[in-house]
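All remarks here apply to the structure that follows.
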Amino acid sequence: MQPKYHQSIDIFAPATVANLGPGFDIMGMAIEGAGDLLSIRIAPGDSLAIRNESGMPLPDDIEKNVVTPALRAMIAAWGHPLAVEVVIRQKIRPGSGIGSSSASSAAAVVGLNELLGRPFGEQELITFAMEGERLVSGGTAHADNAGPAVTGGIMLIRGYDPLDYIRIPVPERLYAAVIHPHITVNTVESRAVMRQEVPLRDAVSQWGNVGGLVAGLLTADMGLIGRSLKDAIAEPYRKHFIPGYDSLKAALSGIDGLLGSNIAGSGPSVFALCDGPRAAEAAGAAMVLHFRQLDIAAELYTGPVSRQGARVL
Ligand code: HSE
């Protein structure tokens, strides 16, 4: 199929919550109500131009933009030179912890794939989008944001070499509240505070919880999902980045229908998984109150888990 030269398309990719509690670097979900919107245009040639019209601060140097390595990986795999123009129209605030970099990378590769006549499948698209993650994570390319940003829903990444992922069905009553306090946590720094070696007792509890979370999602067992939303690997070391984290968690735990809460990705966003919309609204209200009391501006997203990934508008 001929590439669609000189046509412009708009692509949206959703925000995502990585780790989902115990699944550091191996689980993630897409959320409703936030994401990145890009316009992409291609022509014969060999160049890449990225224009930021989102109003969010992004580096002017395209070598520092996550879209660049993602698109370059894809163009290299396609095997022909191409002139690509990207306009970033709407952007999740960088450093939010809800997959700001992945939403751009996912939108860029899904958009370019459309314009090229869809030569690549879902797994390849995730692999290209992961190259954007490598840029912002200090050399590690993980898929727990990039995967669900491409596909929507909840994803388990069983392995990276090669990428082997499973899309987990989302229980009907599973709702999320996610708050993004306007403080910046750098992903590299947030990864650097973690231990490189984990005591066996923490490893045992972690794989119990990952297994429990997956089994709970597959069987829509809300109690099991809630019991499994625990993390011994990242949360204890990262919570200090989030003002009043323990008291926020304590306030959330008293809400009827709240399954559990944790840090979204590398932070500073915090998410709560809930049984139904009312619990998600109550969790959201508690989150807003927490950051208001600390005089920290914040944005709240509540809704069902997004079943849709990156898509042409
Ligand atoms: N799994 C990653 C982390 C997500 O927690 O560092 C953030 O990019």
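The values are calculated or read from the model by the stated rules, or taken from the named source; none is laboratory data. Every value quoted in this text rests on a predicted model; they were computed, and no experiment measured them. Every residue, glycine among them, receives a Cβ derived from its backbone with ideal geometry; neighbour counts consider all protein chains shown. Please note that ligands, DNA and RNA were not included when accessible areas were found on the heavy atoms of the full protein model with its side chains. Shrake-Rupley method; radii C 1.70, N 1.55, O 1.52, S 1.80 Å.
Quick notes on this structure:
- Computed over the chain, the P(r) curve from all C-alpha pair distances, binned at 10 Å from the origin, holds 6, 29, 35, 21, 8, 1 percent per bin.
- Translational diffusion of segment 193-313, µm² s⁻¹ [Kirkwood Rh, Cα pairs; Stokes-Einstein; 37 °C; 0.692 mPa s]: 210
- Cα-based Kirkwood hydrodynamic radius, segment 118-260, one decimal, Å: 17.2
- With contributions of -39500 (n - 2.57) from each DSSP H run of at least four residues, the per-residue ellipticity at 222 nm computed over the chain stands at -11000 deg cm²/dmol.
- The orientation-averaged projected area of the convex hull spanned by the Cα atoms of segment 157-227 comes to 7.0 nm².
- Surface accessible to a 1.4 Å probe, per residue, for the residues of segment 254-313, Å²: 42
- Of the GluC sites (Glu not before Pro) in segment 154-216, the ones in a loop by DSSP (not H, G, I, E or B) with at most 11 other beta carbons within 10 Å are Glu172, Glu197.
- With respect to the chain, whose longest principal axis is taken over its alpha-carbon atoms, helix 277-293 is tilted by about 90°.
- Rounded tilt (10° steps) of 67-78 against the dominant C-alpha axis of the chain: 60
- Ratio Rg/Rh [Cα only; Rh per Kirkwood] for segment 111-151: 1.01
- Projected-area mean, segment 261-313, by convex hull of Cα positions, square nanometres: 4.9
- Segment 1-37: chymotrypsin sites (Phe, Trp or Tyr not before Pro) in DSSP coil with no more than 15 other Cβ atoms inside 10 Å: Tyr5
- Euclidean distance of C-alpha centroids, segment 183-237 and segment 5-47, integer Å: 25
- Lysines whose Cα lies under 26 Å from that of Lys239, excluding same-chain neighbours fewer than 8 positions away: Lys91, Lys230, Lys249
- Kirkwood Rh in Å, taken over segment 77-143 so that all alpha-carbon pairs contribute: 12.8
- Per residue, segment 125-198 exposes 42 Å² of solvent-accessible protein surface, assessed with a 1.4 angstrom probe and all protein chains in place.
- On Cα atoms only, tilt of 200-219 relative to the major axis of the chain in degrees: 70
- The alpha carbons of segment 1-114 stretch over 45, 29, 24 Å along the principal axes, in descending order.
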